[in-house]
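Report on the following structure.
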Amino acid sequence: MRGFSRLLCCLLAVLLLTGCAAGTVEVETEPDPEAETSSTQYLEAMDTFMSLTAYGSVRDEALEAAVAEIQRLEALFTVGSEDSEISRLNRSGTAVLSEDTAALLGRALEIYESTGGAFDITVYPLMELWGFTTQDYRVPTESEIQSALALVGSDRISYDSTTSTVTLGQGQSVDLGGIAKGYTSQTVIDLFEEMGVASAMVSLGGNVQCLGCKPDGSPWRVGIQNPAGTEGTIVAVIEVENQAVITSGSYERYFTDEDTGKTYHHIIDPATGYPSESGLCSVTVVTSDGTLGDALSTSLFIMGLEEGTAYWQAHSDEFQAIFIDTEGNLYVTEGLESVMLSDETYTLLTK
């Protein structure tokens with residue numbers, strides 16, 4: 001469709017150059033006539049490889065500011081540092097939060113309510129139990145899972161938005177990792193815009209967010225990885241302007257139990273304590289709100305196709321989505337039909 005096949009070779013070249021194995025990746029389809037006006041910065045933060053590209057006369061200053069901002073937010077949010085604001089909250093159980101941490105936690109609680117608990121930042125004890133926080137993977141016992149589940153539930157968090165004071169439930173701990181990269185990409189895009197950058201793209205692992213369009217006026221093209229294919233193969237390309245394209249998939253982080261041969265992925269269902277068995281292997285969310293997109297890609301994965309479609313139908317003004325089930329079937333919400341390039345057969349989801 002519209003030259004989709006020739007994009008595959010271009011995407012493979014991008015992947016080889018960047019080493020990116022994320023579910024979404026920016027695709028260059030032809031030489032950019034204004035490439036000399038762009039700069040790209042690479043870094044590792046928030047446990048992922050990141051690339052930031054900005055165009056225009058203030059691009060270098062904007063990239064320098066963006067890197068500093070990413071590092072500042074990482075220092076606030078990461079549970080991998082004992083000195084982070086979230087780690088201190090988990091140790092003490094209560095805290096008065098800084099502006100960014102308060103904003104992010106507040107959004108997380110709103111999305112928890114909106115998704116009926118599918119998105120829950122209190123699953124951290126379960127992530128630890130399965131070893132996804134340390135890469136020391138193991139299959140917990142049923143008793144261990146039930147004990148950890150007793151600590152799950154964002155409805156037990158007390159949060160005063162007026163004073164930015166939060167108190168966790170007894171024994172609870174939180175992890176903002178399921179929403180932090182989306183908040184960060186949105187913050188970087190907002191920073192670029194404030195500094196006068198009109199065209200930019202940031203890729204934070206599986207989170208790609210674009211400012212404006214390319215300097216030549218064409219839309220950015222973002223590839224969606226094929227979960228069943230070899231690394232670097234894609235099933236679709238989305239053309240976007242001023243939007244984020246964020247993917248969550250069961251192929252991103254997983255381990256195989258040596259005793260049983262069963263594979264377990266990292267997207268934990270807060271209702272069961274086990275990796276989600278919703279029948280999906282990938283969900284991509286397209287939205288102008290990076291923070292929302294990050295949280296919803298996980299939430300919709302856990303909901304599954306039927307419930308996820310119903311959620312989209314009720315919130316179609318906020319986002320569009322692509323679902324891929326474990327059989328390889330592709331489902332696309334109607335708002336993406338005109339901007340998606342794919343050779344694959346897919347089912348169109350309508351309101």
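The values are calculated or read from the model by the stated rules, or taken from the named source; none is laboratory data. None of these values were measured; they are calculated from a predicted model. So basically every Cβ, Gly included, is an ideal-geometry build from the backbone, and we count neighbours across all protein chains shown. Accessible surface is based on the protein model in full, side chains and every heavy atom, while ligands, DNA and RNA are left aside. Shrake-Rupley method; radii C 1.70, N 1.55, O 1.52, S 1.80 Å.
Report yes if some residue within segment 111-125 is among the acidic types (Asp, Glu) and modelled with pLDDT under 95; otherwise report no. No, every residue in segment 111-125 fails to be among the acidic types (Asp, Glu) and modelled with pLDDT under 95. Pairs are defined by a Cβ separation below 9 Å, a sequence spacing of at least 6 or placement on different chains, a first member in segment 336-351 that is buried (at least 19 other Cβ atoms within 10 Å of the Cβ), and a second member that is polar (S, T, N, Q); the pairs so defined are Leu336/Gln320; Leu349/Thr309; Leu349/Gln313; Leu349/Thr333.
Pairs meeting the criteria (first residue in segment 130-154 and open to solvent by less than 50 Å² (accessible area, probe 1.4 Å), second residue of a type in the set (Asp, Glu), beta carbons under 6 Å, at least 6 apart or on different chains) are Ser154/Asp120. Within segment 271-294, one or more residues are at pLDDT 95 or above, in a loop (DSSP other than H, G, I, E, B), surrounded by 18 or more Cβ atoms within 10 Å (Cβ to Cβ) and touching a Leu at 6+ places or on another chain (Cβ under 6 Å).
When segment 40-97 is limited to residues that are of a type in the set (A, V, I, L, M), loosely packed, with under 14 Cβ neighbours inside 10 Å and in contact with a helix residue (DSSP H, G or I) (Cβ under 9 Å, 6 or more places away or on another chain), the one that is farthest from Gly131 (Cα to Cα) turns out to be Val96.
Yes or no: segment 248-258 includes at least one residue that is surrounded by fewer than 20 Cβ atoms within 10 Å (Cβ to Cβ), over 24 Å from Glu69 (Cβ atoms), touching a residue at least 12 places away in the same chain (Cβ under 8 Å) and touching a Cys at 6+ places or on another chain (Cβ under 9 Å). Yes, segment 248-258 contains at least one residue that is surrounded by fewer than 20 Cβ atoms within 10 Å (Cβ to Cβ), over 24 Å from Glu69 (Cβ atoms), touching a residue at least 12 places away in the same chain (Cβ under 8 Å) and touching a Cys at 6+ places or on another chain (Cβ under 9 Å). Residues in segment 167-213 that are polar (S, T, N, Q) and surrounded by fewer than 24 Cβ atoms within 10 Å (Cβ to Cβ) were compared, and the one that is nearest to the chain's Cα centre (by Cα) is Gln186. Taking the stated definitions as given, is Thr133 closer than 27 Å to Lys262 by Cβ, part of a loop (DSSP other than H, G, I, E, B) and either in contact with a Lys or Arg (Cβ under 9 Å, 6 or more places away or on another chain) or not acidic (Asp, Glu) (or both)? Criteria met by Thr133.
Right, Asp216: outside any strand (DSSP E or B), in contact (Cβ under 8 Å) with a residue 60 or more places away in the chain and open to solvent by 40 Å² or more (accessible area, probe 1.4 Å) or not? Against the criterion (outside any strand (DSSP E or B), in contact (Cβ under 8 Å) with a residue 60 or more places away in the chain and open to solvent by 40 Å² or more (accessible area, probe 1.4 Å)), Asp216 qualifies. Among the residues making up segment 32-81, a single one is of a type in the set (D, E, K, R) and part of a strand (DSSP E or B): Glu44.
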